[in-house]
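For reference, the structure discussed in these notes is given below.
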Amino acid sequence: MAAQSQAFADTLRRADLQGYYSTMSSFGVNSVDALLQLTMQDYSAVGVHSMEDRKRLFQLIQTLKSEASNQGSSRFVDSRPGLPSMLPRPPPVSSLPGSQSFSTLSAG
């Protein structure tokens, strides 16, 4: 087992979610980085149906994200090839209501 997969398995084990390792791996969620990309809407798709396990998974992801942000980590890169990132991207500033382009502001 590669180090990344081992770290992922250990992370699931610490949260008592090790039973989901195979199912998640089959859906391409096979690292901690990939786990961090999951949203609550993805839980069913990766086989997590029990409400208690969903709560555990949510808490685990929130804890990992908090730890990563406290360490200044840039771990939020999608490591699953071929799958789009599941994290929402902010809209471009120009598409926000009432926004003006820089050239409009500086010309006026």
Response to the item:
Within the range 27-57, the count of residues that are outside any loop (DSSP other than H, G, I, E, B) and open to solvent by 90 Å² or more (accessible area, probe 1.4 Å) comes to 5
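Quickly run through the range 1-26 and pick out the residues that are in a helix (DSSP H, G or I), more than 17 Å from Gln59 (Cβ to Cβ) and of a type in the set (A, V, I, L, M).
So the first thing to find is which residues in the range 1-26 are in a helix (DSSP H, G or I), and the list is 3-14, 18-26.
Next, only the ones that are more than 17 Å from Gln59 (Cβ to Cβ) stay: 3-7, 9, 21-23, 25-26.
Correct list: Ala3, Ala7, Ala9.
Restricting the search to the range 22-50, which residues are of a type in the set (Phe, Trp, Tyr) and either under 19 Å from Lys65 (Cα atoms) or modelled with pLDDT of 95 or more (or both)? Let's see the steps before the verdict.
Just the residues of the range 22-50 that are of a type in the set (Phe, Trp, Tyr), to begin with: 27, 43.
Answer for the range 22-50, where residues must be of a type in the set (Phe, Trp, Tyr) and either under 19 Å from Lys65 (Cα atoms) or modelled with pLDDT of 95 or more (or both): just Tyr43.
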Worksheet, complete the sentence: Restricted to the range 1-26 and to residues being without any contact (Cβ under 8 Å) to a residue 40 or more places away in the chain and among the hydroxyl-bearing types (Ser, Thr, Tyr), the residue surrounded by the most Cβ atoms within 10 Å (Cβ to Cβ) is Tyr20
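The values are calculated or read from the model by the stated rules, or taken from the named source; none is laboratory data. No experiment lies behind these values; they were computed from the predicted model shown. FYI the Cβ positions are ideal-geometry reconstructions off the backbone, even for glycines, and counts take in every protein chain you see. Calculation scope for accessible area: heavy atoms of the full protein, side chains included, ligands and nucleic acids excluded. Shrake-Rupley method; radii C 1.70, N 1.55, O 1.52, S 1.80 Å.
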